[in-house]
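The values are calculated or read from the model by the stated rules, or taken from the named source; none is laboratory data. The structure displayed is predicted, hence computed values, not measured ones. Cβ placement follows ideal geometry from the backbone for every residue including glycine, while neighbour counts extend to all protein chains displayed. We work out accessible area using only protein heavy atoms, side chains counted, and drop any ligands, DNA or RNA first. Shrake-Rupley method; radii C 1.70, N 1.55, O 1.52, S 1.80 Å.
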Amino acid sequence: TQRGSTKGKRQIITRGLQKKFIEPCDFANKSSIMGHQEFQAIVLAAGKGTRLPEILEGRPKCLLPIGPYPMVWYPLQLLQRHGFTEVSVIVQEAEKQEIQQRLDRLQLKLKLDYYSIPTDSECGTADALRLVSDKIKSDVVVLSCDSVIEVNLYPLLSKFRERDASIQLLLLEGGKDQDVIMPGPKSKYKAEKDLIGYDKTSSKVLFMASASDFEETVKLSGHLLRENPEMTISSNLLDVHVYIMKKWVVEYLAVTELLSAVKGELLPHIIKKQMLPAPTVVESNGTLEYSATKPKFASYTEMDTKIDKASIFNKEEKYTSHPIRCYAHFANTTAFGLRIFDIFPALTGLTERELVSQTSSIKSTQITKCAVGDMTTINEKTSLNLNVIANGCTVQSKTRINNSVLMDGVMIEENVVIDNCIVGEKAVVKSGSVLKNCLIGPHFIVAANTRKENVYLSNADGFMTID
């Protein structure tokens with residue numbers, strides 16, 4: 001602190017290398033504009049939903065309704081709340097118009113630039129980033145369209161700068177979905193698990209692989225263990241597909257076509273690169289610089305050098321460690337809800353009452369913790385609890401629906417009981433039916449007085465079962 005008029009204020013060095021005095025509380029305000037000034041945002045929305053064939057049946061995965069909004073709305077709204085004003089959205093060519101029209105109706109305060117990939121191509125997430133590599137002018141924030149999360153991005157972005165990371169991924173505690181009863185044919189639900197090795201002190205990621213890649217034994221290199229004797233390996237951490245990347249990482253993808261997936265190939269590749277022998281450090285004109293042994297794709301610009309000299313962070317690690325660094329950021333345990341409805345107010349900024357559209361006709365007096373979309377009709381003498389009901393649905397009298405999802409245009413006739421089911425777009429459930437733990441495909445008509453449990457009902461045949 002300084003005396004006189006600057007008392008109680010902090011002296012910092014800005015990126016313009018000029019001294020400036022600001023109030024301590026201004027750090028929060030600085031964070032609020034960090035996003036759109038220093039990072040470009042990319043949302044990956046070109047996934048084909050191969051693990052959701054029963055409920056998609058050819059529809060865009062990113063438009064799958066989660067409560068009152070399509071799934072892709074949530075990462076976009078998260079970016080908007082963190083000060084981003086422009087987002088690049090990567091979609092399939094055949095789905096571009098439908099996705100654009102749907103998002104236009106939601107009136108987000110974002111400028112969305114759409115980039116499309118050929119629909120018939122086998123394009124992975126890294127391939128999608130390669131598509132926009134020539135549009136990247138700064139470091140990037142990459143989110144998947146299925147990143148339905150509530151988290152403060154500012155600490156994530158700040159840690160990325162402080163650590164001078166090449167890639168930083170967001171992790172949260174997993175294993176909370178083991179008791180989920182999945183609608184559809186009975187099967188033992190087996191969640192995907194990652195094996196992530198990291199240093200507890202620095203949060204540097206040292207090893208990453210899918211548990212399915214191994215049978216009973218996980219083999220680690222002796223060099224990795226010698227260099228990191230206190231490495232922690234966890235199978236209970238979930239990669240939520242939120243990545244902060246240096247600009248050179250995306251540029252590197254543009255010159256190597258061997259990497260197709262971000263999580264399965266790019267991340268393990270970068271992690272291994274940081275295990276290479278550290279480059280030597282030479283001194284020139286009184287400053288430390290990396291020698292020519294530094295990997296060519298890990299570019300270090302003149303601006304990076306100026307920022308390092310001006311940084312208020314401890315630069316000792318930067319100049320003595322490998323220039324390629326992959327870190328994890330562990331989400332606060334309160335950042336995510338176990339049941340999707342419990343986090344709707346945080347995700348959408350709406351109260352429970354506001355999650356029921358004003359354009360819908362709700363005559364039921366027994367509706368608890370439900371999200372209801374536009375132009376939906378729910379008649380009297382109905383009981384609804386913990387449901388997500390989309391747009392244009394009709395629920396007739398003497399019906400009970402619990403812990404279920406009704407997609408757009410669903411018709412539920414009288415005297416129907418539905419428990420823990422997913423009902424696809426424009427499906428009809430005829431009167432007197434009782435359904436439990438069922439998947440109902442789009443446009444399917446459930447005959448009157450049907451009684452089914454743990455089944456998948458659809459007009460389509462030949463879906464491949466994916467374990």
**Complete:** Counting only protein heavy atoms with a 1.4 Å probe and every protein chain in place, the carbon and sulfur fraction of the accessible surface of the stretch 55-121 in whole percent equals 44 percent
**Item:** For K137, net neighbour charge (Lys/Arg +1, Asp/Glu -1) across residues whose Cβ lies under 13 Å away
**Value:** -3
**Fill in**
Once Lys and Arg are counted +1 and Asp and Glu -1 for all other residues with Cβ under 10 Å from that of K263, the total becomes -3
**Asked** Here are some pairs, K48/K135; K96/K263; K135/K369; K96/K436; K381/K426; which of them have Cα atoms lying more than 32 Å apart in this structure?
**Response** K135/K369; K96/K436
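Report, in debye and to the nearest 20, how large the dipole of the stretch 351-457 comes out about its Cα centre when Lys and Arg carry +1 and Asp and Glu carry -1 on their Cβ.
My answer is approximately 320 debye.
So how do K263, K398 rank on accessible area, 1.4 Å probe, biggest first, that is with the largest at the start?
K398, K263
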**Prompt:** Largest first, what is the accessible-area ranking of S404, S458 with a 1.4 Å probe?
**Reply:** S458, S404
**Prompt:** According to a simple spin-label model (label point 7 Å from Cα along Cα-to-Cβ), what is the distance in nm between H223 and T85?
**Reply:** 4.7 nm
**the stretch 77-127: GluC sites (Glu not before Pro) falling in loop per DSSP and having at most 14 other Cβ within 10 Å** = E122
**Message:** Sort H269, H82, H223 by heavy-atom solvent-accessible area, probe 1.4 angstrom, most to least.
**Reply:** H223, H269, H82
**Prompt:** Using mean Cβ contacts within 10 Å as the protection proxy, how do 204-214, 147-157 order, highest first?
**Reply:** 147-157, 204-214
**Request:** Give, in nm to one decimal, the length gained when the segment between S202 and D374 is fully stretched (0.36 nm per residue of separation minus the Cα-Cα distance).
**Result:** 57.1 nm
**Asked** What number comes out for the charge environment of M275, summing +1 per Lys or Arg and -1 per Asp or Glu over other residues with Cβ under 13 Å away?
**Response** +3
**Prompt:** Under 19 Å from the 7 Å Cα→Cβ point of S121, by amide nitrogen: which residues of the stretch 244-259?
**Reply:** 250-259
